[in-house]
Structures are given as C-alpha cells and as structure tokens.
Ligand SMILES: Cc1cc2nc3c(=O)[nH]c(=O)nc-3n(C[C@H](O)[C@H](O)[C@H](O)COP(=O)(O)OP(=O)(O)OC[C@H]3O[C@@H](n4cnc5c(N)ncnc54)[C@H](O)[C@@H]3O)c2cc1C
C-alpha cells in the first residue's frame with residue numbers, strides 16, 4: 001500500500017517534527033490577531049532547505065493547502081490555513097549563516113529572531129535597522145513576508161529597504177534565489193507578499209553602522225492633537241529624527257501600571273518620543289532645533305534621556321505597550337492603517353468618535369512620523385457581539401483612512417483581516433493584475449490561500465466559521 005502524505009512528511013522531517021495532536025495544534029490556530037481562528041490538520045517543522053523542498057513537493061502532489069509561520073506574532077490573520085491544511089513552522093531554521101563585517105550584510109535562516117541578529121553583530125559596531133515592537137520574538141522570515149516596520153523605520157525605511165537577497169521555495173517545491181542584482185527584481189516583489197509567493201528559506205540582509213551619538217526626547221502634551229501637530233512641525237522644519245512615536249493617555253497608563261513602566265507622565269494626554277542619531281556634532285545641533293520646535297507646543301513635560309538606561313527604559317515602555325494592553329481587557333484587536341501625516345489629528349479624532357460609538361476602550365500608540373496608526377481595541381473575544389463590534393469599528397476606521405488619502409496597512413499586512421476591503425483601495429484592474437502575478441508563483445493557490453487579496457465568499461467562510469464565538 002502506498003504511503004499517506006503524512007507518512008511521507010514524517011519520513012522527511014522525522015516523526016517528532018510532524019505535529020498532529022489536538023493540544024499541539026491549538027497553538028497554531030491563530031496568530032496574534034485572535035479574531036480569526038482555524039485549526040490546521042498538521043504542523044511540520046523542517047530543519048533544512050532540502051527538507052522544505054521535499055515537504056513542499058509532497059504537499060503539492062497531494063494538493064494540500066499550506067502556510068509558512070514564523071513566531072505567529074502577525075496581526076492580520078496571516079499564518080493560518082483552512083481546516084486540514086498544513087503549517088510549516090520555520091522556527092527550527094534559526095541559524096545566522098554568515099556575517100560579512102566589511103561588506104555589511106548577514107545571511108540568515110528565516111526563523112532567526114529579529115533582535116538576535118542585532119545582538120549578534122553589536123560587537124562589530126553594526127545593527128539590523130528594522131525594529132518592530134515585536135522584535136524580541138518575531139522572525140526575520142515573518143518580517144520580510146509582512147514588510148515589517150518599527151519606530152526606527154521612520155529614518156531607515158521598512159524591511160524592504162534592507163533586503164538584499166532571498167532563497168525561496170515555491171508551491172511546487174522548486175528552489176529559487178532572488179537578488180537585488182537580478183535584472184527583474186523579484187526580491188522587492190517578495191517583500192510584503194505575506195507568504196503567498198513562496199516559503200523563504202534564507203535571507204541576505206543589510207547591516208548598518210551603529211550611530212556614535214543618540215539623543216532621545218520625551219515630550220508630554222495635553223492631548224493627542226497637540227502631539228500630532230508637534231510631529232507635523234518637526235518634519236516641516238526639515239528635522240530628520242530616526243523615530244517619532246506617539247502614545248495616548250490610555251496607553252501611558254497601561255504602561256505605567258505594567259512591568260514596562262518607563263516613568264511616562266501620567267498627567268499627559270499624549271507623549272511623543274523623538275530620537276536623533278548620527279555623529280555627536282550633528283546630534284547636538286539637531287537636539288537644539290528639536291527642543292525649539294517642541295517648546296512651541298507648550299509641552300506639559302519635556303525631557304531628554306540623561307543616561308543610556310533612561311533611553312532603554314523609554315523604549316522598553318513604548319515597545320512593551322502592546323503587551324501592557326492586556327490589563328484593559330482579556331483580548332486586544334490591534335489595528336493598522338495609514339494616513340498622510342497632515343491628517344493624523346483628523347483620524348485620531350475619528351478614532352475617538354468610533355470608540356464612543358462602540359463603547360469599548362481604545363488605546364493608541366503609533367508610528368506618528370509615518371502616519372501609521374495602531375488603535376488597540378480592548379474587548380472580550382468570548383462575547384460574539386464584541387467581536388463583531390470591534391471588527392466593524394476597525395473597518396470603519398480603515399475606510400476613513402482611505403477617505404483621507406491613506407491606505408489599509410502600514411506594516412501588519414492585509415492577511416484575512418482586510419482582504420474584503422481591498423476593492424475599496426484598489427480598482428478591479430489592479431486587483432486582477434496582482435492576482436495574475438501571484439498565480440505565476442502559486443498557480444493553484446495552495447500557498448497561504450485567502451490572504452492579501454479579496455477571496456471568494458466560500459473561501460472566506462472557511463476561515464470565518466472558525467472564529468471563536470462562532471459567528472460568521
Ligand atoms: C506586541 C506586538 C507588536 C508588534 N509591533 C510591530 C511593529 O512595530 N511593526 C510591525 O511591522 N509589526 C509589528 N507587529 C506584527 C508582527 O510582529 C509582524 O508582522 C512580524 O513581522 C511577524 O513576524 P512573525 O515571525 O511572527 O510572522 P508570523 O506571524 O508567523 O507570519 C506572518 C506572515 O508571514 C508569513 N511567513 C512567516 N514566515 C515565513 C517564511 N519563512 N516564508 C514565507 N512566509 C512567511 C506567514 O505565512 C504570515 O503570512 C507586532 C505584533 C505584536 C504582537
């Protein structure tokens with residue numbers, strides 16, 4: 001009797017690296033956006049490129065849908081498969097393969113955790129710039145698939161600006177290398193494709209020198225519009241901070257009540273974190289200019305981190321804020337939308353209106369420099385009405401982003417969450433072109449089906465049906 005595809009997978013990666021029991025599968029039924037859940041049929045943990053190639057060949061032959069998964073910190077329902085599908089967990093492929101100090105690049109496997117790369121090259125005076133707030137856990141493969149951003153990306157650009165080459169296994173099991181040096185730059189096409197083109201098995205990433213001087217300023221304002229106005233003025237004055245991050249009062253209070261406590265002003269309606277980096281002379285000059293601009297907005301508090309420890313504490317507060325939201329409610333729906341910087345105050349006022357309408361607390365922390373907002377809805381996923389309410393509220397905010405000339409996603413991707421809104425941002429012709437391009441790499445839609453582009457009603461229901469709370 002011929003082997004089943006599960007038996008074949010076990011032969012390739014070893015029986016203990018194919019998970020089938022209910023308890024193990026439970027951890028893979030959602031990413032960090034727990035509004036969407038779908039239990040996979042199996043999880044496979046390959047350890048080498050050869051194993052990924054063999055796994056993809058088996059799944060292709062058996063016509064089994066599959067999706068790669070890094071740390072599962074995605075916030076748009078990306079690393080999920082329809083029931084019976086297979087998750088390829090890339091976490092065993094977590095080796096840093098090469099660091100070229102002189103040419104300033106690193107070659108890594110996709111399961112390397114973002115911060116581990118910067119920690120590894122720190123003693124060489126180098127770093128990897130994109131710094132998602134999830135950088136202590138999220139993987140570089142997941143970062144490339146989502147084109148991750150982060151506070152420092154205001155100056156340095158998102159992941160796509162730091163990707164030099166990638167090795168990718170397509171749905172049919174064929175292995176390809178795409179590089180910035182190729183005539184047709186498929187590397188750029190891969191970045192942000194949400195795991196729908198191929199499984200990334202190796203990456204070559206740019207490293208940049210650590211700055212010789214850094215200055216971090218914390219400004220407390222009476223409210224969010226004041227903080228937004230200060231951000232617009234900083235950019236209008238031609239200042240080039242590396243980061244411009246805003247947190248509102250609910251976020252400040254959640255942080256200050258948590259282990260991420262950073263000494264943020266509890267009486268402020270919003271704080272702005274602004275950081276400058278470069279050589280000492282440049283940073284000193286810019287610091288004076290930055291202070292001048294901030295003072296024009298009558299901050300309640302204005303201070304500069306006096307020690308490296310204070311700077312670390314401020315960033316720990318900012319980057320831990322997402323986790324601190326756990327105090328507000330059992331679940332958090334973290335949204336991601338973009339508006340032109342000049343429209344930040346307007347969209348934040350709209351978010352406040354929606355908060356009142358929906359009757360659930362919303363905390364805000366956002367990459368203000370990029371116009372990238374992240375309202376955090378605090379809700380209880382055990383209540384189906386709250387699930388529906390936050391989902392509808394999110395869609396309303398995203399539609400407003402589009403109306404203000406923005407877009408559906410700054411960095412979390414489209415995933416399952418926003419695919420139904422894609423036709424509101426893009427025309428039929430653009431969607432059709434994107435679909436045709438995807439089909440070149442993934443013709444049978446077996447690789448991460450239903451993500452990024454609008455899907456058919458039947459396919460959408462295959463996922464929605466399994467949402468906790470059971471409403472479609
Ligand atoms: C508290 C918190 C803070 C966050 N802050 C930020 C932030 O500041 N900036 C930001 O951009 N995001 C942020 N995120 C979102 C998330 O961390 C990023 O999207 C991250 O890039 C996902 O990486 P991951 O390894 O967890 O990927 P996963 O969630 O496992 O997967 C994400 C997507 O990538 C695909 N994928 C994963 N690995 C591969 C691979 N090897 N080959 C092909 N496709 C693959 C998956 O199929 C899926 O579509 C945050 C999330 C949390 C929970």
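Since every read-out is calculated from the coordinates, none of them should be taken as a lab result. Computed from a predicted structure; not experimentally measured. Don't worry about glycine lacking a Cβ; one is built from the backbone with ideal geometry, like all the others, and counts go over all protein chains shown.
Return the Rg/Rh ratio of region 103-185 with Cα-based radii and a Kirkwood Rh.
Looking at region 103-185, the ratio lands at 0.98.
How big is D, in µm² s⁻¹, for region 409-456 by Stokes-Einstein at 25 °C and 0.890 mPa s if Rh is the Kirkwood radius over C-alpha pairs?
The diffusion coefficient I find is 220 µm²/s.
What distance in nm lies between label points placed 7 Å from Cα along the C-beta direction at residue 223 and residue 97?
5.4
Among rounded, prolate and oblate, which fits region 328-412 when a ≥ b ≥ c are the square roots of the eigenvalues of its C-alpha gyration tensor, a/c under 1.5 means rounded, and a/b larger than b/c means prolate?
Because a/c hits 1.5 or more and a/b exceeds b/c, region 328-412 counts as prolate.
Listing 374, 287 from the residue with the fewest other Cβ atoms within 10 Å to the one with the most, what is the order?
Fewest to most other Cβ atoms nearby, the residues stand as 287, 374.
In nm, give the distance between the simple-model label positions of residue 180 and residue 236, each being 7 Å from the Cα along the Cα-to-Cβ direction.
The modelled label-to-label distance comes out at 3.5 nm.
Does region 212-327 come out rounded, prolate or oblate, given a ≥ b ≥ c as the square roots of the eigenvalues of its C-alpha gyration tensor, rounded meaning a/c under 1.5 and, failing that, prolate meaning a/b above b/c?
Cα axes put region 212-327 in the oblate bin.
Give the Debye-formula value of log10 I(q)/I(0) at each listed q (0.07 Å⁻¹), with one equal scatterer per alpha carbon of the chain, two decimals each.
-0.36
Length gain on complete extension for the stretch residue 48 to residue 15, per 0.36 nm per residue less the alpha carbon to alpha carbon distance?
So the chain would gain 10.3 nm between residue 48 and residue 15.
Would you mind ranking 92, 341, 318 so that the residue whose beta carbon has the fewest other beta carbons within 10 Å leads the list?
Fewest-to-most Cβ neighbours within 10 Å comes out as 92, 341, 318.
Calculate how steeply helix 344-358 sits against the longest principal axis of the alpha-carbon atoms of the chain, using the helix alpha-carbon long axis, and give the answer as 0 to 90 degrees to the nearest 10.
The two axes meet at around 70 degrees.
Could you tell me the relative contact order of region 33-123? Use alpha-carbon pairs under 8 Å, at least six residues apart, and round to a whole percent.
Result for region 33-123 is 30 percent.
Under Stokes-Einstein, with the Kirkwood radius over Cα pairs standing in for Rh, what whole-number D in µm²/s applies to region 262-319 at 25 °C and 0.890 mPa s?
Estimated via Stokes-Einstein, D reaches 194 µm²/s.
Among 308-314, 116-122, 442-448, how do they line up from the highest to the lowest mean number of other beta-carbon atoms within 10 Å?
442-448, 116-122, 308-314
For the chain, calculate the relative contact order in percent as a whole number, restricting contacts to Cα pairs under 8 Å that are 6 or more residues apart.
Dividing the mean separation by the residue count of the chain yields 16 percent.
With an 8 Å Cα cut-off and a minimum separation of 6 or more residues, compute the relative contact order for region 274-413 in percent.
Reported as a whole number, the value is 26 percent.
Assign one of three labels to region 24-123, namely rounded, prolate or oblate, based on the Cα gyration tensor with a ≥ b ≥ c the square roots of its eigenvalues; rounded applies when a/c is under 1.5, prolate when it is not and a/b is larger than b/c, and oblate otherwise.
Oblate, because a/c is 1.5 or more while a/b does not exceed b/c.
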